[in-house]
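**Q** Mind looking over this structure? Questions follow.
The values are calculated or read from the model by the stated rules, or taken from the named source; none is laboratory data. Keep in mind that this is a model prediction, so the values were computed, not measured. Cβ placement follows ideal geometry from the backbone for every residue including glycine, while neighbour counts extend to all protein chains displayed. Only protein heavy atoms, including side chains, enter the accessible area calculation; ligands, DNA and RNA are left aside. Shrake-Rupley method; radii C 1.70, N 1.55, O 1.52, S 1.80 Å.
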Amino acid sequence: MIAIERPTDLRARTNVMRSTARSHVGLVRRINEDRVFDWPDGGLWAVSDGMGGHRGGDLAAQSVIDALRRFHTSGPPDTPDAVLAALAGANRMICARNSQRGEHAGATVVALSIFGTTIHLAWAGDSRCYRIRDRAVQLLTRDHSLVQDLVDAGLFTLEAAAHHPQANVITRALGVDSRCEIECRLVEFEEGDRFLLCSDGLSRSLAEADLLDNDLQALADDLVAKALQRDGADNISLVLIEPQSIVEY
């Protein structure tokens with residue numbers, strides 16, 4: 001588990017949130033292996049994309065979401081480490097199920113939590129987080145994938161990598177190893193910021209201009225519709241988040 005530098009004061013939490021989630025099986029798959037978590041009152045959201053098909057990808061993704069849902073009873077996470085511990089627990093659960101059943105299921109994840117004015121991102125695999133600020137879109141996560149490694153090494157351009165025959169090969173996921181490799185990032189948010197969490201079934205055909213709709217619910221519906229129109233070969237899942245005001249307690 002990667003250590004991160006935490007903000008000095010995590011007592012201030014975002015009090016007023018707007019968010020919405022969508023998940024669609026797509027046009028080809030028979031099973032939706034994606035799962036979403038949308039908890040504005042707790043300041044915690046996630047998208048998890050299962051891998052393994054009939055071998056348990058949907059169960060792997062559900063294990064990730066179940067681990068985060070336990071905060072419903074214990075209270076919102078007080079620190080980023082609490083979120084990481086929950087994801088590590090999901091990793092152990094998926095690994096144990098794989099061992100018992102002789103399976104190789106796993107799940108990518110991107111989780112976003114808010115502490116004061118600080119966004120904490122935790123992810124493994126190619127599920128992504130984008131920030132929309134002043135009508136500019138920024139990808140805040142880095143894919144853990146074979147083609148991203150090739151791009152980073154200067155062997156491919158981003159455009160060429162998108163059409164690589166192994167574009168779907170990821171290098172990190174929960175459940176594939178007893179060691180939980182989760183990357184983390186802290187970013188400050190400003191008034192008017194929006195965040196998109198999504199599985200690769202959406203990001204694969206996403207254009208930056210798609211994210212500039214003003215209405216949150218309409219934007220979510222439009223993103224799913226465009227992903228189905230342009231591709232639809234995979235499950236499509238997203239969470240849109242709009243932090244609003246902050247209260248100290």
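**Q** Taking all protein chains in place and a 1.4 Å probe, what share, in percent, of the accessible surface of the chain do carbon and sulfur account for?
**A** That fraction is 48 percent.
**Q** Which one of Met51, Ser237, Val137 is farthest out on the positive end of the charge dipole of the chain, using unit charges on Cβ (Lys, Arg +1; Asp, Glu -1) and the Cα centre as origin?
**A** Met51
**Q** Could you list, bin by bin from short to long, the percent of Cα-Cα pairs of the chain in 5 Å steps?
**A** Percent of pairs per bin, in order: 1, 7, 14, 18, 21, 17, 13, 6, 2, 0, 0.
**Q** Considering every pair of different Cα atoms, what Kirkwood radius, in Å, is found for the stretch 42-110?
**A** It works out to 12.2 Å.
**Q** Regarding the stretch 169-230, what whole-number volume in Å³ per residue does the convex hull of its Cα atoms give?
**A** Values: hull volume 8.1 nm³, N = 62.
Considering the Cα atoms of the stretch 169-230, their hull volume per residue is 131 Å³.
**Q** Oh, and also: Mind giving me the FRET efficiency for Leu146 and Ala82? R0 is 25 Å, r the Cβ-Cβ distance, nearest 0.05 is fine.
**A** Details: r = 32 Å, r/R0 = 1.26.
Once the sixth-power term is evaluated, E becomes 0.20.
**Q** Mind putting a number on the dipole of the stretch 81-203 about its Cα centre? Charges go on the C-beta only, +1 for Lys and Arg and -1 for Asp and Glu, and I need it in Debye to the nearest 20.
**A** My answer is approximately 340 debye.
**Q** Roughly how many Å² is the accessible area per residue of the chain, as a whole number, for a 1.4 Å probe?
**A** 46 Å²
**Q** Among Ile119, Asn214, Thr73, whose Cα sits farthest toward the positive end of the charge dipole of the chain (+1 at Cβ of Lys/Arg, -1 at Cβ of Asp/Glu, about the Cα centre)?
**A** Thr73
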